[in-house]
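The values are calculated or read from the model by the stated rules, or taken from the named source; none is laboratory data. Model, not experiment: these values are computed from the prediction. FYI the Cβ positions are ideal-geometry reconstructions off the backbone, even for glycines, and counts take in every protein chain you see.
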Amino acid sequence: MPDISSSSRVTFPEGETSDTGIVLLVEALSDDGAMTVVDTTPFHPVDHTWPDQPGDSGTIASGGESVRVTEAVMAAVSDDGSVTVGVDIPVKRGAEGWTWLVAHRLEGAAPAWLAPGAAVQLDVDDARRAGLSRGHTACHLASLALDLALADLWRKDPGTDAMGAPDFEGRANQSSRIHEDGAVDEYRLGKSLRKAGFDTETFAATLAQREESINATLAAWVASGAPSRIVTEGPTIVDRRSWQCELPEGTAEILCGGTHVSSLGEFASISVALDLSDPQLLVMTTTAVAA
Ligand SMILES: [Zn+2]
């Protein structure tokens, strides 16, 4: 019986997209699919509690055979040995008493050669990963630029973001969806934000200038070619990770489980569009262009 008592080792924080590993687990899923767990993986899984960045896709191969991985997801093994996958996991990532795994969802049923103990080659779809990394870094930069562009609209101190600006992102962000070369963020502009001291009326009246200001900041940051990296506290999927970027104004650090570019030199441009057609909901669409 292979050892699934320790959490999966992951190499995506170092930017890896290929690795070798030993199969620990192969399980049929309730939706007729199957998943496999390997001791070490370069695949980045979608988080089951804050699913901002989609999981990696790619292949797992051995001895001339290969199978498609449609998406990497989280799996968790409880004290009694039962395995739950993705949104069915009843606790937050890292909860005590659980072993945390990266599960690779397969296209169709598991082939016979994919069995516990087998040595396999894992390969992530490089182009898609690179696009998601650009999308995720652009998403963080856009939210920092948004906080800066709205800084004068606060009548009370809402707390500060990673660059020391009033934390609109932290107060109002309700969802973030990252895709290749972009992201869509939604912000709730309701009563509680107004109570917290945010001037919603002036914001609505000056939306176009705010958008211009964000785009000017993003252009300057892209031009700086600043280094960007993932910092980890350990090698497994549950170790805390954060994104660091050495912006001209100072180093930003944000807790983040996703993947990122290694330098802002990987962008030709990043820009946003702000939409307030529902006055209670700001939608920020971020678009990145690869260098
Ligand atoms: Zn993030």
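For region 95-114, which positions are surrounded by fewer than 15 Cβ atoms within 10 Å (Cβ to Cβ) and either closer than 18 Å to SER6 by Cβ or in contact (Cβ under 8 Å) with a residue 40 or more places away in the chain (or both)?
ALA95, GLU96, GLY97, GLU107, GLY108, ALA109
Restricting attention to region 1-32, the residues that are within 24 Å of ARG129 (Cβ to Cβ) and modelled with pLDDT under 90 total 1. Any idea which residue in region 251-273 is nearest to the ligand (Cβ to nearest atom), counting only those that are buried (at least 18 other Cβ atoms within 10 Å of the Cβ) and over 25 Å from ALA103 (Cα atoms)? Here the answer is ALA252. From the residues in region 278-288 that are closer than 19 Å to GLY182 by Cβ and surrounded by fewer than 20 Cβ atoms within 10 Å (Cβ to Cβ), which one is farthest from the ligand (Cβ to nearest atom)? For region 278-288, the residue satisfying everything is LEU281.
Pairing each residue of region 135-157 that is farther than 15 Å from GLU211 by Cβ with any residue that is among the polar types (S, T, N, Q), provided the two are 6+ apart or on different chains, yields C-beta distances under 6 Å for HIS136/GLN53; THR137/SER228; ALA138/THR286; CYS139/THR286.
Taken residue by residue, region 63-73 has no member that is outside the structural domain of ALA183 (by TED's automatic domain parsing) and in contact (Cβ under 8 Å) with a residue 60 or more places away in the chain.
Annotation: of all residues in region 144-171 being under 16 Å from GLU246 (Cα atoms) and in a helix (DSSP H, G or I), the one that is farthest from the ligand (Cβ to nearest atom) is ALA145. Within region 235-250, the presence of at least one residue that is part of a strand (DSSP E or B), within 15 Å of the ligand (Cβ to nearest atom), touching a Leu at 6+ places or on another chain (Cβ under 7 Å) and on the phi < 0 side of the Ramachandran plot is confirmed. Counting only strands (runs of 3 or more DSSP E) that sit completely within region 1-96, those holding 2 or more residues that are under 24 Å from CYS139 (Cα atoms) correspond to 65-77.
Quick check on my filter: what residues within region 172-188 are assigned to a loop (DSSP other than H, G, I, E, B) and crowded, with 19+ Cβ neighbours inside 10 Å?
The initial filter retains those residues of region 172-188 that are assigned to a loop (DSSP other than H, G, I, E, B), namely 180-181.
Residue satisfying the conditions is ASP181 alone.
The lone criterion from (1) buried (at least 16 other Cβ atoms within 10 Å of the Cβ); (2) of a type in the set (D, E, K, R); (3) not assigned by TED's automatic domain parsing to the domain that holds VAL46 left unmet by ASP157 is number (1). When residues in region 218-250 are screened for being of a type in the set (Lys, Arg) and either surrounded by fewer than 16 Cβ atoms within 10 Å (Cβ to Cβ) or over 16 Å from the mean Cα position of the chain (by Cα) (or both), 1 of them pass.
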